[in-house]
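Remarks on the structure that follows.
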Amino acid sequence: MGTIFLFEILGTATLLLMGVGVVANVILTGTKGHGGGWLLINFGWGLGVFAGVYLAWGSGAHINPAVTTGLLVSGAEEYPPGVAVTLANTLAYFTAQVIGAFLGAVIAWAAYKKHYDDETDPPTILGTFSTGPEKRS
């Protein structure tokens with residue numbers, strides 16, 4: 001289970017590092033990719049998913065609690081072959097994914113720290129880590 005835990009951390013961290021990184025690169029002022037648009041963001045997130053799944057192959061590459069939950073409620077007997085669907089294994093997956101997501105987001109933030117420090121618009125900073133409506137109503 002330790003290897004699977006590590007795979008999930010690495011895969012999820014890679015997903016978030018690349019995802020948050022590409023959004024930061026496109027929307028933070030002064031970056032090389034500033035203004036690159038939503039297509040660049042989509043492509044970056046797609047590469048993030050690919051790289052995360054590639055790194056987490058040994059754990060079944062869930063890299064997202066929604067995948068783990070989907071397998072849990074579907075009645076699957078194993079996550080990857082040889083790993084039974086149990087409460088302990090499910091919690092291990094969730095824990096690894098949370099740790100990986102935190103690490104990936106922190107590394108992306110550290111890579112763009114000077115740009116975050118120079119950004120004066122709080123919604124832009126928030127937008128690198130979350131989504132929201134363009135126009136509130």
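The values are calculated or read from the model by the stated rules, or taken from the named source; none is laboratory data. Computed from a predicted model, the values in this text were never measured in an experiment. We place every Cβ from the backbone using ideal geometry, glycine too, and count neighbours over all the protein chains shown.
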Being surrounded by fewer than 16 Cβ atoms within 10 Å (Cβ to Cβ) and either closer than 30 Å to P122 by Cβ or without any contact (Cβ under 8 Å) to a residue 40 or more places away in the chain (or both): is that true of T69 here? yes
Is it the case that some residue within the stretch 75-82 is surrounded by 17 or more Cβ atoms within 10 Å (Cβ to Cβ) and at pLDDT below 95? yes
Selection over the stretch 120-137 where residues are touching a residue at least 60 places away in the same chain (Cβ under 8 Å) and over 23 Å from the mean Cα position of the chain (by Cα) yields a count of 0
Subset of the stretch 89-117 [loosely packed, with under 11 Cβ neighbours inside 10 Å and touching a residue at least 12 places away in the same chain (Cβ under 8 Å)]: none
